[in-house]
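Where a number appears in this text, it was derived from the coordinates with a stated rule and is not lab data. Small disclaimer: the values here were computed from a predicted structure and weren't measured. Here the Cβ is made from the backbone with ideal geometry for all residues, glycine too, and neighbour counts use every protein chain on show.
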Amino acid sequence: MPTAKVLDLTSKEVGEIELPEVIFDVPLNEPLIHEAVRSFLANRRAGTSATKTRGDVSGAGRKLWKQKGTGRARIASLRSPLWKGGGNAHGPQPRDWSWSVNGRSNIRRLASSSIRWAR
């Protein structure tokens, strides 16, 4: 049966206590601990970063010059990502980063018990 030292406020050992095997004699399962920690950290993420796309940027939607005959490149909008003041083409958008540990076959229970006593 596992035992633990009992310390007083001045960190002096004053005795030992026996710990129940059902709780404290659990084998260490590193993959489960890794999955549970990844889930915990992912669920803390806010996921609120965002940039404005060409549809979000303020400005007119008119065509700047006609399609043919000017000798310049064709263009549709001043708010294209290619132009100054235009929107961002592939910037971050709000998303949900959360995911959960598989609850079937006691994986969540095993992971939590391994984390609790691995410290």
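Relative contact order of the stretch 55-95: 35 percent, from C-alpha pairs under 8 Å at least 6 residues apart in sequence. Loop-located trypsin sites (Lys or Arg not before Pro) across the stretch 27-102 with a Cβ neighbour count of 15 or fewer within 10 Å are Arg45, Lys52, Arg62, Lys63, Lys66, Lys68, Arg72, Arg74, Lys84, Arg95, with loop assigned by DSSP.
With neighbours defined as other Cβ atoms within 10 Å of a residue's Cβ, the residues Trp99, Trp83 order from fewest to most as Trp99, Trp83. Computed from label points 7 Å out along Cα-Cβ, the spacing between Asp25 and Thr48 is 4.9 nm. Take the Cβ atoms of Leu41 and His90, set R0 to 25 Å, and the FRET efficiency comes out at 0.50. A crude spin-label estimate for the pair Ser100 and Lys66, with each label 7 Å from Cα along the Cβ direction, gives 6.2 nm. Seen from every direction in turn and averaged, the convex hull around the alpha carbons of the stretch 55-95 projects onto 3.5 nm². FRET efficiency for the pair Ser80 and Ser58, taken as 1/(1 + (r/R0)^6) with r the Cβ-Cβ distance and R0 = 22 Å, rounds to 0.95.
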